[in-house]
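Enquirer: What follows is a structure written as structure tokens; I'll ask about it next.
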Amino acid sequence: MKLLKIGMVLIAIITFTAFTNSDNPGYKVGDIATDFNLENVDGKMVSLANYPEAKGYIVVFTCNTCPFSVAYEDRIIALNKKYASQGYPVIAIMPNSATASPGDNMEAMKARAKAKGFTFPYLMDKDQKVYPEYGASKTPHVYVLQKTKKGNQVKYIGAIDDNYQHPESVNQKYVENAVDALLEGTPIKEEHTRAIGCTIKV
Amino acid sequence: MKYKLGTLFVMFLFFNCNNSIKNEGDLSIVKIDESEKKIELKILDFDDLEPFLNQQDDLVYVINFWATWCAPCVKELPVFEKLHKDYNKNVKVILVSLDFPRQYETKLIPFIKENNLQSEIIVLNDMDSNSWIPKVSEDWSGAIPSTLIYSKNNRKFFEKSFNYNELKTEVQQFLN
């Protein structure tokens, strides 16, 4: 009996560590994304559930310090401008540890949001629990979610577009194409794309 | 997991300290020559880089993707430099820089000079990363630092930082 108990505890520990392991690859297209409750630059807490009118969300893991994130700031602002009114607001989440990356602390985030005039929430993943659940590995890293009966379903994962250096030379606007397809009810051509980005600082 | 990361971090610190002390001595001697040497960057698109990822000779190739703007990359560079030095005969280290073209002259070249990098450096300038990232490895999300180790058709890809012992252990497996 005792042996059985020890066995059960061991199994529980193994299962637990398996699930908390950072090797967890995160969401795939089609998975249901969990909601979160994170602090915004205005001091308020924000959840996806705060947007009852939304048809979905453009969740962007981004930060102050990564040159790729900086290169995409204006395009993230433009995404929110274009799609918030159509039911797909941008929700930006800063996943880095502020200890490991002081340029990404809450004060710096506030300053950045103000300087750039962010019109969307810029949240801090303070406990660094949200980004691993999504499977974000870098900044910027985008997840387009659609509200369904089952929950917020992941519809697109990846890059914003195919040219970080020159916005005017972009050939494929991956996120826009995905959201447009969702709005039109047509299939998304590219559901998963990749781009170079900065590792999330732990 | 946290504990593991902790140890890793401590090992990292250790290694970095050792290394910077060692380097300081070398640097002062070499610096004079290096500043006068003109560095010509080898700038390639992915089609031209690809052969470097598929050599068929007997060497073990260690391809590290990095950039001067990537702090964890810069931190682990001495590890690759040491590997290049210690395994000169059977291992070929190639540092593939993903720096921005506008920073080649202002950041990348000065960085190579200042740190007196000895491994081969290739600059990859190819915008369409969605097409070429999976050609390096299906497992690569695009985050750097990342490293490909291969010998002929045996390949292993790592989207993570290395300390010297970890890298040595991985390379050793290809040498045996």
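The values are calculated or read from the model by the stated rules, or taken from the named source; none is laboratory data. On a predicted model such as this, the values are computed, not experimentally measured, just so you know. Virtual Cβ from ideal backbone geometry, glycine too; neighbours counted across all protein chains shown.
Enquirer: Are any residues in region A:52-73 more than 24 Å from residue B:71 (Cβ to Cβ) and not in a loop (DSSP other than H, G, I, E, B), and if so, which ones?
Expert: Within region A:52-73, A:56, A:57, A:58, A:59 meet the criteria.
Rundown of residues vs (1) in contact with a Lys or Arg (Cβ under 6 Å, 6 or more places away or on another chain); (2) modelled with pLDDT of 95 or more; (3) among the polar types (S, T, N, Q); (4) loosely packed, with under 15 Cβ neighbours inside 10 Å, yes/no style:
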site	(1), (2), (3), (4)
A:12	no, no, no, yes
A:18	no, no, no, yes
A:38	no, yes, no, no
A:49	no, yes, no, yes
A:64	yes, yes, yes, no
A:75	no, yes, no, no
A:101	yes, yes, yes, no
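Enquirer: Only one residue in B:137, B:146, B:119 is in contact with a Leu (Cβ under 9 Å, 6 or more places away or on another chain), among the small types (Gly, Ala, Ser), buried (at least 16 other Cβ atoms within 10 Å of the Cβ) and within 14 Å of chain A (Cβ to nearest Cβ). Which one?
Expert: B:137
Enquirer: Please verify whether residue A:88 is within 13 Å of chain B (Cβ to nearest Cβ) and either part of a loop (DSSP other than H, G, I, E, B) or modelled with pLDDT of 95 or more (or both), treating the condition exactly as stated.
Expert: Criteria not met by residue A:88.
Enquirer: Just to be sure, is residue A:125 acidic (Asp, Glu), closer than 18 Å to residue A:40 by Cα and in contact with a Pro (Cβ under 9 Å, 6 or more places away or on another chain)?
Expert: It is true that residue A:125 is acidic (Asp, Glu), closer than 18 Å to residue A:40 by Cα and in contact with a Pro (Cβ under 9 Å, 6 or more places away or on another chain).
Enquirer: Here is a list of conditions, (1) crowded, with 16+ Cβ neighbours inside 10 Å; (2) farther than 14 Å from residue B:147 by Cβ; (3) out of contact with any strand residue (DSSP E or B) (no Cβ under 7 Å at 6 or more places or on another chain), and residue B:44 meets all of them except one; can you say which number that is?
Expert: Condition (3) is where residue B:44 drops out.
Enquirer: How many of the residues in region A:77-93 are free of Cβ contacts under 8 Å to residues at least 40 places away in the same chain and either crowded, with 24+ Cβ neighbours inside 10 Å or closer than 21 Å to residue A:194 by Cβ (or both)?
Expert: 2
Enquirer: Give me a count of the residues in region A:130-144 that are within 8 Å of the chain's Cα centre (by Cα), away from chain B (no Cβ under 11 Å) and of a type outside the set (Ser, Thr, Tyr).
Expert: Final tally of qualifying residues: 1.
Enquirer: So how many residues does region B:87-96 have that are touching a residue at least 60 places away in the same chain (Cβ under 8 Å) and either within 14 Å of chain A (Cβ to nearest Cβ) or not aromatic (Phe, Trp, Tyr) (or both)?
Expert: Residues in region B:87-96 being touching a residue at least 60 places away in the same chain (Cβ under 8 Å) and either within 14 Å of chain A (Cβ to nearest Cβ) or not aromatic (Phe, Trp, Tyr) (or both): 2 in total.
Enquirer: Could I ask something else about it? Hey, could you check region A:145-202 for residues that are acidic (Asp, Glu) and at the interface with another protein chain (Cβ under 9 Å from one of its Cβ atoms) and say which is nearest to residue B:76 (Cα to Cα)?
Expert: A:162
Enquirer: When region B:118-176 is examined, which residues are found to be among the small types (Gly, Ala, Ser) and assigned to a helix (DSSP H, G or I)?
Expert: B:129, B:131
Enquirer: Assuming residue B:99 fulfils every condition listed in (1) within 14 Å of another protein chain (Cβ to nearest Cβ); (2) crowded, with 18+ Cβ neighbours inside 10 Å; (3) assigned to a helix (DSSP H, G or I) apart from one, which condition is it?
Expert: It fails just one condition, (3).
Enquirer: Within 10 Å of chain A (Cβ to nearest Cβ), among the basic types (Lys, Arg) and either under 21 Å from residue A:199 (Cβ atoms) or under 14 Å from the mean Cα position of the chain (by Cα) (or both): which single residue out of B:160, B:156 fits that description?
Expert: B:160
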